[in-house]
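Undergrad: What follows is a structure written as structure tokens; I'll ask about it next.
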Amino acid sequence: MPPDPFPRKSSPAVTLAQRVTPWGFPFLYLGWAYLLWIPVLGSDTSVWSGWNLILFLVGGASPLLASVVLAALTGGRARVADLGRRLVDVRRIGLRWWLVLLTFWLAFDLVMALAAVLLGVTAEPLQPDWSMLADPGPLAFLVVLSFVLPAVEEVGLRGYYLDRLQERFDITTAALINGATWAIWHAPFVAFPSYYANTTFDPDLSWWLPMIVLDTVLIVWVYDRTGRSILAALVFHGMMNLTGEILGITAEMYPFVLTGHAVAAALVIVGWRRRGAGPDPARAARSRGTQGVSRRRPAPGSG
């Protein structure tokens with residue numbers, strides 16, 4: 001691998017960031033968000049108005065903030081630039097994987113809806129609202145909720161934090177830690193005033209938090225199989241949100257859908273175990289600065 005084109009000068013901040021890897025990320029990620037969200041949680045005003053909106057958005061930027069700061073400290077400008085490249089590089093994603101990204105959640109939700117009807121879980125698993133696609137206001141809100149906010153999450157959670165976890169742990173352990181951290185960050189969302197007022201989604205922590213961990217396993221599967229593509233993780237994440245909202249998955253479906261997510265995640269983990277995917281020492285070496293950030297790109301759709 002080529003040497004780091006942006007060598008870092010030693011400093012107390014760089015040394016500290018390297019020593020606390022990978023745990024520095026959740027400290028900044030969760031600490032910054034919760035610090036700014038506490039006033040919102042204690043408010044009776046909608047999270048989408050006034051100062052509440054500002055505090056929510058600035059706090060919600062914590063995955064991007066934590067990843068950029070720590071990437072700069074542990075890998076210099078090269079690592080920060082690598083995050084940007086992997087967010088926009090469509091060449092990492094082969095045609096087969098574009099098909100997976102765009103159709104997986106539609107197929108999954110329809111299969112789960114059919115199973116729910118056949119097993120007597122509910123007679124009406126879906127309540128699609130096609131009118132929102134013709135209304136610019138709700139449609140714009142849905143696109144932001146589905147793709148813009150997840151972009152901030154995927155850069156930090158998968159693009160930076162997952163890679164640091166995989167320096168020390170096998171892919172299964174890294175995915176579960178990554179998912180648990182993500183779930184903790186999401187926990188306050190159910191208490192934000194009016195956060196889900198314009199959606200059909202009404203989560204309960206009893207099934208939502210485990211579902212976030214299971215969904216992380218699936219996102220990590222996509223990320224891993226597309227050459228660590230942040231863009232692939234973002235599209236997969238966004239389609240999960242968008243498809244569920246357009247199809248109008250009913251409230252009684254979600255505890256049942258959790259079973260489907262568990263089965264899908266279990267199949268992915270079995271595949272990882274059979275492959276024997278352990279820690280990646282090359283990533284650890286790059287984190288310590290002994291090698292540059294790799295610029296090699298795997299063949300599209302490889303893996």
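Undergrad: Taking θ as phi - 60°, what are the ³J(HN,Hα) couplings along the range 134-148 by the Karplus curve (6.51, -1.76, 1.60), each to the nearest whole Hz, with x for Gly and Pro?
TA: 9, 10, x, x, x, 5, 5, 4, 5, 5, 4, 5, 8, 10, 6
Undergrad: Contact order normalised by length for the chain, with contacts defined as Cα pairs under 8 Å and 6 or more residues apart; what percent is it?
TA: Contact order relative to length: 31 percent.
Undergrad: Would you mind calculating the gained length between Asp44 and Ser194 on full extension (0.36 nm times residue separation, minus the Cα-Cα distance), in nm to one decimal?
TA: Stretched fully, the Asp44-Ser194 segment lengthens by 53.1 nm.
Undergrad: Per DSSP H run of at least 4 residues, take -39500 (n - 2.57); add these up for the chain, divide by its residues and hand me the 222 nm value, nearest 500 deg cm²/dmol.
TA: -20500 deg cm²/dmol
Undergrad: Once phi is turned into θ = phi - 60°, what whole-Hz ³J(HN,Hα) does the Karplus curve with 6.51, -1.76 and 1.60 give for every residue of the range 169-177, x standing for Gly and Pro?
TA: Computed from phi, the couplings for the range 169-177 are 10, 5, 5, 5, 4, 4, 5, 5, 5 Hz.
Undergrad: Sticking with this one: Give the range of the longest stretch in the chain that excludes all trypsin sites (Lys or Arg not before Pro) found in loop regions by DSSP and having at most 11 other beta-carbon atoms within 10 Å.
TA: 10-295
Undergrad: Given a Förster distance of 41 angstrom, what is the FRET efficiency for Thr122 paired with Arg275, based on the Cβ-Cβ distance and rounded to 0.05?
TA: Efficiency for this residue pair is about 0.65.
Undergrad: For the range 12-287, take N as its residue count and report Rg(C-alpha) divided by 2.2 N^0.38 Å.
TA: 1.01
Undergrad: Suppose each label sits 7 Å from its Cα in the direction of the beta carbon; what would the Val148-Leu16 distance come out to in nanometres?
TA: 3.4 nm
Undergrad: If you don't mind, another one. Test of the criteria: in the range 168-204, which chymotrypsin sites (Phe, Trp or Tyr not before Pro) are in a DSSP loop and have at most 14 other Cβ atoms within 10 angstrom of their Cβ?
TA: Tyr196
Undergrad: I've got another one for you. Only Cα pairs within less than 10 Å get springs; with that Gaussian network setup on the chain, which residue of Pro255, Pro136, Pro193 has the largest fluctuation?
TA: Most flexible of the set in this elastic network: Pro136.
Bear in mind these aren't lab numbers, they're just calculated from the coordinates by the rules spelled out. Predicted model only: the values in this text are computed from it and were never measured. A quick note on method: Cβ atoms are made from the backbone with ideal geometry, for glycine too, and the neighbour counts reach across all protein chains shown.
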